[in-house]
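Novice: Take this structure, written in structure tokens, and hold onto it; I'll ask about it next.
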Amino acid sequence: MTATTAPPLPGPRGPVSSGLLATLRTAPGATGRLARPAPADPWGEDAQLALYVCYELHYQGFAEVDPDWEWHPSVLALRAALEQAFLAALHREVGRPPSLKQALAELLAEDSDGTGPSHHLLEHGQRRQLREYLAHRSLYHLKEADPQMWVVPRLPHPAKAALVTVQYDEYGAGRPERAHAQLFAEMMADLDLDPTYGHYLDTVPAPALAVVNLMSLFGLHRSLRGALVGQFATVEITSPPGAARLAAALERLGASPAGTLFYREHVVADAVHEQLVRRTVITPLVRDDPALGPDIAFGIAATTAVEARFGAHLLGCWQQDRSSLLTPLPDSPPTEGAA
């Protein structure tokens, strides 16, 4: 089992993240409020990195940061300001979401236009692009299912029990070596990537950070519990077709069976999870509290929006034959027989 250790702090990307990182390197005494210069763009590198760092204090933290910073009022005040800007940007991006019934129906309709990253990687992708994709996704998948666990105590029964049933599978169903985070780490190693938790934070840009920040934003606020359920549903419902394409892309580009297991596992597991989420989480939840329906629909729309931004970033870079990361990965030796 790959050990999870706290990563080092990343480098700053602007005045907000610079001030936060400098503060976190000090002792968390009774300091005043952190300076909060307004970031020019809530989608930008400075704001998304600062928000990610605030959230990571609630997960593994950082090696050189005192754990008492997690709930320090000055950090929470900065986080709240960043969250308000991000949430407002999400609402502007998605507008008025469709009804929950329509939102779920759209998720169940497989994208047939073949334009997303998984289509590209299957049909045209290069090994270096696939390795970049995994580096981006590592910020979530090495803590897969952790952000969604925040919502468990905020749900009533029976939705709570049903969601935990899905989460039990995500953590390996009692077998640590089958935990999805562990399978992702093994896939990274198979493609000559470093599977250390948080290793690629310094090189992953804002569009990928926003995907992970969205989950933490929804999970850490009881008022956004419906949106978190929408995020959870979006991933579980849409995952199997994309996972099948990614498993095939990995095989085409020379991954071993250990390198394809993560996505092969998701093809099977998420097909079952999709039914559980719709029928045993969302249905009883909305039946007992109809006001959560629009919140779940917003979570679906917001998740779709951040994933679309991320996908557009990847494809835009790859079509110009440049790295999608802030710092290109060092080359890895091609596997014999890989395209």
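The values are calculated or read from the model by the stated rules, or taken from the named source; none is laboratory data. Here the structure is a predicted model, which is why all the values come from computation and not from measurement. Cβ: placed from backbone, ideal geometry, glycine included. Neighbour counts: every protein chain shown. Heavy atoms of the whole protein, side chains included, go into the accessibility calculation; ligands, DNA and RNA do not. Shrake-Rupley method; radii C 1.70, N 1.55, O 1.52, S 1.80 Å.
Novice: So if I take the alpha carbon set of segment 206-285, get Rg, then get Rh from the Kirkwood formula, what is the Rg over Rh ratio?
Specialist: Rg divided by Rh gives 1.07.
Novice: I would also like to ask the following. At 0.692 mPa s and 37 °C, plugging the Kirkwood radius over alpha-carbon pairs of the chain into Stokes-Einstein gives what diffusion coefficient in µm²/s?
Specialist: D, rounded to a whole number, is 160 µm²/s.
Novice: If I model a spin label as a point 7 Å beyond the Cα along the Cα-Cβ vector, how far apart are those points for residue 124 and residue 319 in nm?
Specialist: Here the modelled spin labels are 0.8 nm apart.
Novice: With only Lys, Arg, Asp and Glu charged, each at its Cβ (+1 for the first two, -1 for the last two), find how big the charge dipole of the chain is about the Cα centre; round to the nearest 20 debye.
Specialist: 800 debye
Novice: At 1.4 Å probe size, with every protein chain present, just tell me what the per residue accessible area of the chain comes to in Å².
Specialist: Spelled out: the 1.4 Å probe surface of the chain, per residue, equals 42 Å².
Novice: What ranking, highest mean first, results for peptides 228-234, 98-104 when packing means the other Cβ atoms within 10 Å averaged over each residue?
Specialist: Answer by packing, highest mean first, reads 228-234, 98-104.
Novice: Show me 133-143, 205-215, 119-129 ranked by packing, highest mean number of other Cβ atoms within 10 Å first.
Specialist: Numbers: 133-143: 22.0, 205-215: 24.2, 119-129: 19.3.
Top to bottom by mean Cβ count within 10 Å: 205-215, 133-143, 119-129.
Novice: Give, in nm to one decimal, the length gained when the segment between residue 279 and residue 106 is fully stretched (0.36 nm per residue of separation minus the Cα-Cα distance).
Specialist: Between residue 279 and residue 106, full extension yields an extra 60.6 nm.
Novice: Across the Cα atoms of segment 158-277, what radius of gyration and what greatest pairwise Cα-Cα distance (Dmax) are found, in Å?
Specialist: 15.3, 45
Novice: Then there is this: Helix-derived [θ] at 222 nm for the chain: sum -39500 (n - 2.57) over DSSP H runs of at least 4, divide by residue count, nearest 500?
Specialist: Result for the chain, helices only: -19000 deg cm²/dmol.
Novice: Among 184-192, 157-165, how do they line up from the highest to the lowest mean number of other beta-carbon atoms within 10 Å?
Specialist: 184-192, 157-165
Novice: A further question on this structure: First compute the accessible area of the chain with a 1.4 Å probe, then give the percent of it belonging to carbon and sulfur atoms.
Specialist: Working: 8100 of 14250 Å².
That share works out to 57 percent.
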